[in-house]
1. Looking for whichever is modelled with pLDDT under 85 and among the hydrophobic types (A, V, I, L, M, F, W, C) here; the options are 299, 330, 319. Which one fits?
2. Does residue 3 satisfy the condition of being over 16 Å from residue 128 (Cβ atoms), modelled with pLDDT of 85 or more and either of a type in the set (S, T, N, Q) or not assigned by TED's automatic domain parsing to the domain that holds residue 129 (or both)?
3. Picking from 208, 224, 229, 220, which residue would you name as being among the aromatic types (Phe, Trp, Tyr), at pLDDT below 90 and either surrounded by 14 or more Cβ atoms within 10 Å (Cβ to Cβ) or within 24 Å of residue 285 (Cβ to Cβ) (or both)?
4. Out of all the residues in the range 235-252, which are touching a residue at least 40 places away in the same chain (Cβ under 8 Å), part of a helix (DSSP H, G or I) and surrounded by fewer than 18 Cβ atoms within 10 Å (Cβ to Cβ)?
5. For the range 38-78, which strands (runs of 3 or more DSSP E) that fit wholly inside it have 1 or more residues that are farther than 17 Å from residue 289 by Cβ and at pLDDT below 90?
6. Among the hydrophobic types (A, V, I, L, M, F, W, C), assigned to a strand (DSSP E or B), crowded, with 18+ Cβ neighbours inside 10 Å and outside the structural domain of residue 318 (by TED's automatic domain parsing): does that describe residue 130?
7. Kindly evaluate residue 269 against the criterion of being part of a helix (DSSP H, G or I), at pLDDT 80 or above and surrounded by fewer than 18 Cβ atoms within 10 Å (Cβ to Cβ).
8. Return a yes/no flag: does the range 333-353 have any residue that is under 30 Å from residue 155 (Cβ atoms), over 21 Å from the mean Cα position of the chain (by Cα) and modelled with pLDDT of 90 or more.
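The values are calculated or read from the model by the stated rules, or taken from the named source; none is laboratory data. Since this is a predicted model, take the numbers as computed values, not measurements. Glycine also receives a Cβ, built like all others from the backbone with ideal geometry; neighbour counts cover every protein chain displayed.
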Amino acid sequence: MANEPSGKAKGGAARAAALSPERRKEIAKKAIEARWAKNLPRATHEGPVRIGEAIIPAANLSDGRRVLSQGQFLRAIGRSSTPKAGTGVQSTLDELPSFLQAKALEPFISNELRDSTKPIFYLDMSGNRAVGYDALMLPLVCNVYLDFRTSELVTNKKVPTRYAHIIEACDMLSRGLQRLGIIGLVDEATGFQASRDREALQEMLDRFLRHELAAWAKRFPDEFYEHIFRLRGWKWHGRSKNPPQVVAAYTKDIVYARLAPQILDELEKRNPIEGGRRKGAHHQLLTEDVGHPALAQHLHAVVTLMRVSKTWSQFKLMLDIAHPKRGDTLQLPLMAETTVAHEPDPEPVPSPQADLFGHPK
């Protein structure tokens, strides 16, 4: 017949007919995966990231992205680790993953997070297809649940039971990330820093700090200082006017003393006061890949606490509970002040010393 195969085609048809349905399905699947593989980035380094009790497989990809295994990512935040139908896609129509679908979380989801929720498909170092999330997504997801917790505690005095285990997991992860920085943590776990001659990541201080001052860039949001003035009962004049000297002490206590152990002491050594001023702002000594992300996340958490605080003492109490300095003795709950009329503190005279806002000289 005219339509019957001949030659090699006839032999191929005969072999196909002899295959079981399961074998034909397996061959078709491998062919599809082979086509996928041509366009997928490959893992160049792999290793487990340890954050508290959580262990999440991580990888550096050939296109420069850093990913965390989707299954262990979900398990770490207290969610099911099985993607829908094994596809690796846990998105709704608005492309948000299932763990961010709840309406109650919507006000706390940033545009940055929305843009990073798409699963990343890649080939692991064994050549198998894998799926993960951008590593930078983890601290953003933690922020959503912790901001939600703060809002619920202020509004309803308690957190809904259905979210309690996720919030607890995110709190633990957030504390770990604040001390290490997710980018440096992934690079260290996978061994990526060795291939890029990043020996500085071997020690905690060198993860956070550079040896020379970098160019100045704005790192502290205006809102941080505005809330300090509000909570102290001072009039805010904007950042164009030098603040009281005590604001420098507040910044050290609220921020640098809580970033990681010994960071403040090391900053004071590397950036001393000489002739009445420092050569630059402390944040200019923070590394780009670890120090600055850790600073940004800590400031986000601090400003969130400031927003919901009515007095300085209330803010400091919540700060010491949420982000304690190592060795601090916490106030007992009974020692916390009640909400009463608060007399503003007398406004100190602005300091004539170095610019405490860290503006470039």
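1. Details: 299 fails: modelled with pLDDT under 85; 319 fails: modelled with pLDDT under 85.
Only one candidate qualifies: 330.
2. On the way: over 16 Å from residue 128 (Cβ atoms): yes; modelled with pLDDT of 85 or more: no; either of a type in the set (S, T, N, Q) or not assigned by TED's automatic domain parsing to the domain that holds residue 129 (or both): yes.
No.
3. Numbers: 224 fails: at pLDDT below 90; 229 fails: at pLDDT below 90; 220 fails: at pLDDT below 90.
Of the residues listed, the single one that is among the aromatic types (Phe, Trp, Tyr), at pLDDT below 90 and either surrounded by 14 or more Cβ atoms within 10 Å (Cβ to Cβ) or within 24 Å of residue 285 (Cβ to Cβ) (or both) is 208.
4. Quick first cut of the range 235-252, residues touching a residue at least 40 places away in the same chain (Cβ under 8 Å) only: 235, 239, 241-248, 251.
Restricting the remaining residues to those that are part of a helix (DSSP H, G or I) gives 246-248, 251.
Scanning the range 235-252 gives a single hit, 246.
5. Working: elements: 43-51, 54-61, 66-69.
Correct list: 43-51, 54-61.
6. Details: among the hydrophobic types (A, V, I, L, M, F, W, C): yes; assigned to a strand (DSSP E or B): yes; crowded, with 18+ Cβ neighbours inside 10 Å: yes; outside the structural domain of residue 318 (by TED's automatic domain parsing): yes.
Yes.
7. Numbers: part of a helix (DSSP H, G or I): yes; at pLDDT 80 or above: yes; surrounded by fewer than 18 Cβ atoms within 10 Å (Cβ to Cβ): yes.
Against the criterion (part of a helix (DSSP H, G or I), at pLDDT 80 or above and surrounded by fewer than 18 Cβ atoms within 10 Å (Cβ to Cβ)), residue 269 qualifies.
8. Kept after step one, since they are under 30 Å from residue 155 (Cβ atoms), are these residues of the range 333-353: 333-345.
Next, from what is left, pick out any that are over 21 Å from the mean Cα position of the chain (by Cα): 333-345.
Next cut, modelled with pLDDT of 90 or more only: none.
No, that holds for no residue.
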